[in-house]
Structures are given as C-alpha cells and as structure tokens.
1. Report, ordered by chain and residue number, the aspartates and glutamates lying within cross-link reach of Lys208, taken as a straight Cα distance under 20 Å and ignoring same-chain residues fewer than 8 apart.
2. Relative contact order of the chain: what whole-number percent is it, with Cα pairs under 8 angstrom and at least 6 residues apart?
3. Along region 169-179, what does the Karplus equation 6.51 cos²θ - 1.76 cosθ + 1.60 (θ = phi - 60°) give for ³J(HN,Hα), rounded to whole Hz, x for Gly and Pro?
4. For the chain, modelled as a Gaussian network with Cα springs under 10 Å, which listed residue fluctuates most, Ala110, Ala332, Ala283?
5. GNM, the chain, Cα, under 10 Å: largest mean-square fluctuation among Ile117, Ile154, Ile305?
6. Sort region 215-294 into rounded, prolate or oblate with this rule: let a ≥ b ≥ c be the square roots of the eigenvalues of the Cα gyration tensor; rounded if a/c is under 1.5, and if a/c is not under 1.5, prolate when a/b is larger than b/c, oblate otherwise.
7. With n ≥ 4 as the cut-off for DSSP H runs, can you work out [θ] at 222 nm for the chain, using -39500 (n - 2.57) per run divided by the number of residues, rounded to the nearest 500?
8. As I understand it, the dipole of region 129-275 uses +1 on the Cβ of Lys and Arg and -1 on the Cβ of Asp and Glu, about the Cα centre. Which of Phe214, Tyr275, Ile154 lies farthest toward its positive end?
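Here, each number is a calculation from the coordinates, and none is a lab measurement. The structure presented is a predicted model; accordingly, all values stated were derived computationally and were not measured. Ideal geometry is used to build each Cβ from the backbone, glycine not excepted, and the neighbour counts take in all protein chains shown.
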Amino acid sequence: MSVSALSELTLSHFRSHLDTRIILDGRPVAIFGLNGAGKTNILEAISLLSPGRGMRRSKVGDMVRYPEEIGWKISTVLKTSNLTHKVEIRTGPNLNRLTSIDGKATSQLALGELVKIIWLTPNMDRLWVDGPEVRRRFVDRITHSFIPRHAQEILSYEKAMRERNRLLKEASRNLDWYRAIESQMAVAGTKIIENRNTALEKLSISMKISQTSFPVADLSLINEEKDLNIFSADQFREVLEIKRSEDLYLGRTSVGPHKTDLKVQYKEKGIDAKYCSTGEQKALLISLILANARGLLREEGAPPIMLLDEVSAHLDYKRRQDLYEEISSLGAQAWMTGTDVDLFKEILNISQQFKVVDKNGKSSVLIQ
Ligand SMILES: Nc1ncnc2c1ncn2[C@@H]1O[C@H](COP(=O)(O)OP(=O)(O)OP(=O)(O)O)[C@@H](O)[C@H]1O
Ligand SMILES: [Mg+2]
C-alpha cells in the first residue's frame with residue numbers, strides 16, 4: 001500500500017525556514033499567515049518528495065536559505081497504516097539533490113513509487129490560457145501519479161528526439177542512424193500516448209462515478225497529426241520516416257507526443273475551459289485534482305498527499321465547504337494555505353491548524 005501521510009516534517013535552512021519542525025496527526029493541515037510569512041515554502045518542501053523540480057520548478061540553489069547559504073535539508077517521517085519510513089532530501093556538494101530512505105541513498109524515482117503527491121498552485125490558474133507545454137506537463141504529472149514508469153518513458157523519448165533533431169540540424173544522410181533512433185522514439189512515444197490516455201480515462205471515470213458539486217470536465221488529448229492517439233509503434237515509425245524530409249527542412253521533429261495538447265470542456269455548459277469564468281476555471285482545476293486523488297485512492301488503497309496552495313481564497317463559502325467535505329471523505333492529508341484563519345473555519349474541528357509568522361526574514365510555525 002502506498003504512503004498516505006507525513007507524521008513529521010523538519011525544514012533546515014530551506015528558504016525562509018531556518019529550523020522548522022511540524023508534528024502531524026494525519027488530519028488535513030491548514031496553514032495561515034500573512035503574505036511572505038513562509039506558507040508556500042512549506043508546501044514546496046513537501047513537493048520535493050516527488051520526482052521533478054517541485055511545485056515552483058525552482059533550482060536547488062534558489063531554495064538555499066540566505067544569508068547563511070549552507071545548503072538545505074528536508075527530513076520527514078512518512079506513514080502508512082502499518083509502516084513508517086524516514087525520508088531525507090538535502091543538497092549535495094554540487095548543489096545536486098540527494099535522497100535517502102531509512103538512511104539508504106536512493107533515487108527520486110524510487111521515492112516517487114513510495115509516496116504520491118499532487119498539487120494545485122495559484123500559478124496553475126493560467127493553465128487554460130498558457131501554451132500547450134504547460135498543459136502537457138500537467139497531463140504528464142497526473143499520468144505519472146498513476147503510472148510511475150511514465151517518467152522513464154518521457155526521458156527516453158526526449159533523449160532519442162534530441163538525437164534525431166541533432167541529425168536533422170546537421171542534415172545527416174545516415175539512414176541507419178535515423179531508423180535506429182526513430183525506432184526508439186516510436187516505442188517510447190507510443191507508450192507515452194497510451195499512458196496519458198489511460199490516466200485521462202481514470203480521471204474521467206473518477207468524475208463520472210462520484211457525486212460532487214465540482215463541475216465535470218470532458219477531457220481529450222489533441223494532436224496535430226489527427227490520429228496519433230491510435231498509433232501503434234510501427235505506424236508511428238512510418239510517420240516519422242515519411243515526415244523526415246519535411247523535418248530536415250524544419251530542423252526539428254514536427255510530430256509526436258511532444259506536440260500533444262489537452263482539451264478540457266466544462267461538460268455541463270459544453271464550453272472550452274479557456275472561455276470559462278475565473279471561478280469556473282478554478283472549480284474545474286479543483287475538480288481534476290480531486291478526481292486524481294479519488295482515482296489514486298481507488299487504485300492504491302490510499303489517498304495521495306495533496307498540496308493546495310491558496311485554494312480556498314477564490315472559492316465562495318459553499319464551494320469551500322464542498323471542498324473540505326471531499327477532502328475529509330478522501331481521508332487525505334491535504335495541506336492548505338491561506339492568509340486568513342477564517343478561510344478554514346468550516347474545517348476547524350477536523351484539521352490541524354498552524355500559524356506561520358515571519359520575524360526578520362525567519363519563518364516560525366506556531367501550533368494553534
Ligand atoms: N532562498 C531563500 N532564503 C531566504 N528567504 C527566502 C528564500 N526564498 C524565498 N525566501 C523568502 O520567503 C518568503 C516567501 O515565502 P512564501 O512564498 O512561503 O510566502 P507565503 O506565506 O506563501 O506568502 P503569500 O501569502 O504571499 O503567498 C519571502 O519573504 C522570501 O523573501
Ligand atoms: Mg504563498
């Protein structure tokens with residue numbers, strides 16, 4: 001069974017936190033405090049337990065606390081119903097990220113198999129109006145939460161594509177080389193497409209079978225090459241071969257899952273997410289993240305850890321209440337931030353509450 005909650009979190013020299021220790025009891029966590037107090041920094045630290053660059057996509061060095069600049073460490077105790085693990089992530093000698101589980105050095109990907117973490121940040125409000133790359137990353141994070149090996153598939157696809165692009169730029173005529181690389185791209189690329197479709201299917205089922213007041217979304221992946229969704233590896237290889245002369249002219253690969261976009265419709269209204277109101281767009285995002293959490297609960301037997309940065313701020317009182325009810329029924333350790341304690345009054349009795357304050361550039365966490 002997958003890990004479902006943190007029971008301890010210690011941040012050393014991580015951004016505004018010099019030495020912060022929080023003890024958790026598995027209930028949802030409400031964190032409030034003034035702007036700049038250090039709330040999001042706590043969520044960001046937790047997001048580093050999952051593979052990738054974390055929810056702010058920051059460089060390791062940017063998270064080193066100044067003025068000391070001696071490197072940071074995040075120590076946690078992860079808990080399932082019957083197991084606990086000590087997990088540590090810290091900066092290495094070359095500002096690389098070192099991960100250990102129970103004192104043994106391990107990879108980020110291995111940690112990703114142990115703990116599922118999903119998040120929603122204010123930045124993601126731009127998801128529907130930003131370029132396709134941001135939506136693709138969103139789809140890949142969801143896909144990765146269901147299918148951890150998706151990350152490796154993406155790495156091998158991108159590696160092969162970089163190699164093909166290099167050949168194209170050099171106008172190489174080495175046909176054997178092209179064939180070998182396109183073969184690798186086709187195998188990894190078809191897996192990527194298959195994984196994404198599987199993950200979106202799981203999301204759609206989650207939305208269909210649950211009774212929620214959050215809007216249901218119609219999800220589809222769109223490709224310039226219309227029927228890429230039904231490609232077999234062989235068909236994909238053929239397309240790459242056919243496109244080769246066109247791609248030689250462009251100097252890059254013009255077709256494949258690296259061009260896919262996510263199309264989301266607000267089902268009830270039948271309109272594209274990008275034309276929805278601000279509140280509707282936020283509700284759609286929450287709906288997707290909740291569906292992701294329910295899907296993981298169904299598949300893994302445990303809900304993921306959820307990081308919901310400033311999620312309540314734009315919700316009316318009714319929606320806020322619905323969100324809190326969903327979180328309680330999931331049994332998820334949801335970490336929520338807000339500037340005002342009142343945002344959490346509907347969840348007062350069933351959450352742990354912490355106030356974060358800043359004093360001379362140093363954040364402290366006070367138990368409420
Ligand atoms: N590397 C760092 N070293 C020291 N302090 C840092 C570092 N990076 C960011 N900070 C400080 O952390 C603070 C921001 O913390 P954070 O983003 O967690 O605030 P917040 O409580 O979420 O605020 P808001 O309500 O505005 O979102 C800022 O004051 C910033 O200067
Ligand atoms: Mg913040």
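1. Those aspartates and glutamates meeting the cut-off are Asp218, Glu268, Asp272, Glu280, Glu299, Glu300, Asp322, Glu325, Glu326.
2. Reported as a whole number, the value is 26 percent.
3. 4, 7, 6, 5, 10, 6, 4, 4, 4, 4, 4
4. Ala110
5. It is Ile154.
6. Here region 215-294 falls in the prolate category.
7. It lands at -13000 deg cm²/dmol.
8. Going by the Cα projections, it comes out as Phe214.
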